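*Asks:* One structure, as structure tokens, below. Some questions next.
The values are calculated or read from the model by the stated rules, or taken from the named source; none is laboratory data. The shown structure was predicted, so the numbers you read here are calculated from the model rather than taken from an experiment. Every residue, glycine as well, gets a Cβ built from its backbone with ideal geometry; the counts of neighbours run over all protein chains shown. The area values use the complete protein model at the heavy-atom level, side chains included, leaving out ligands, DNA and RNA. Shrake-Rupley method; radii C 1.70, N 1.55, O 1.52, S 1.80 Å.
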Amino acid sequence: MSVVDMKKSTSGTSGTVTRGMYFVFTLLVIAVGWAIAAANTGISYLAVGTDWIPITTGVIGCFVFAVPVTLLHNARWLALASFLPAIGVLVGSVQYAPEAALDARGVRTSVRITADSAEADGSNNHRFTLVGPEGRLDEPLTYSGDNPGREVGERLDVITDPEGVVPMEAASDVDPGGQLGTLAVGVAGWTGIALLAGRRGFVRRRAGHRVTLEDLA
């Protein structure tokens, strides 16, 4: 049911929007949030190894979700609040696919760190040179930041992608289950915000306040 149809259908009932109509619209907003999360996870699978694509579509999706939240209830703080769980949706949907790929087909290797590029150039972009049982690995272990938690001489297990699509990661950092949990927490947060927006929007409308849902009709 469109916003215009909703307004027309209520024009003969003292201008009130029924509880059932708001409940249906709230469910639609929840469905939008779930669809955005699922779609971005799928995009991450299709573009695995190219993180900027799901990051871009995920950010767009987070802004898209804020729009129907505002339609439910004219409260910008609820739309802003939706960006908190959006972080979980974004991180989980982007990171789950590559980590699941490494977990499924990756090759685990015990290595030793022999060099760190940041020690030579003084930058925060660390490229760790690794040596395994069969000699030096062609692919370095990378980290951007001040505290990589790694140092020259340290031994660790890494997981490499035999297809060369997903960058190498330390085995301890590969946790697709954890990323899926992050995604689920984000979606749950979106669901709660949609329910709150729907409830508050209905209460405000019943009290005679005009809300964005009608103003845009």
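*Asks:* With a cut-off of 8 Å between alpha carbons and a minimum separation of six or more residues, what is the relative contact order of the range 51-110 in percent?
*Replies:* Taking the mean separation of contacting Cα pairs over the length of the range 51-110, I get 39 percent.
*Asks:* Which ³J(HN,Hα) values, rounded to whole Hz and listed in residue order, are derived for the range 127-143 from phi using the Karplus coefficients 6.51, -1.76 and 1.60 in 6.51 cos²θ - 1.76 cosθ + 1.60 with θ = phi - 60°, glycine and proline given as x?
*Replies:* With the stated coefficients, the range 127-143 comes to 10, 7, 7, 10, 10, x, x, 9, x, 5, 7, 5, 8, x, 8, 10, 7 Hz.
*Asks:* Quick check: pseudo-label points 7 Å beyond the Cα along Cα→Cβ at Ser123 and Ser110, how many nm apart are they?
*Replies:* With each label point 7 Å from Cα toward Cβ, the separation is 3.3 nm.
*Asks:* Please work out how much length the chain gains when fully extended from Ile53 to Val24, using 0.36 nm per residue of separation minus the C-alpha to C-alpha distance, in nm with one decimal. Don't skip to the end; give the middle numbers.
*Replies:* Values: separation 29, 0.36 × 29 = 10.44 nm, distance 3.25 nm.
My answer for the length gained is 7.2 nm.
*Asks:* Quick check: residue separation of Leu195 and Ala38 times 0.36 nm, minus the Cα distance between them. What number comes out in nm?
*Replies:* 54.6 nm
*Asks:* Next up: Enter the Cα centre distance for the pair the range 112-149 and the range 51-101, rounded to the nearest angstrom.
*Replies:* With the range 112-149 and the range 51-101 each reduced to a Cα centre, they are spaced 33 Å.
*Asks:* Compare Ile30, Ile53, Ile60 by solvent-accessible area with a 1.4 Å probe and give them largest first, with all protein chains kept in place.
*Replies:* Ile60, Ile53, Ile30
*Asks:* To two decimal places, what compactness ratio does the range 26-133 give when its Cα radius of gyration is scaled by 2.2 N^0.38 Å?
*Replies:* Working: Rg = 19.3 Å, N = 108, 2.2 N^0.38 = 13.0 Å.
Dividing the Cα Rg of the range 26-133 by 2.2 N^0.38 Å gives 1.48.
*Asks:* Then there is this: Place a label point 7 angstrom from the Cα of Ala184 along the Cα-to-Cβ direction, then list the residues of the range 77-91 whose backbone nitrogen is under 18 Å away.
*Replies:* Within reach of a label on Ala184: 85-91.
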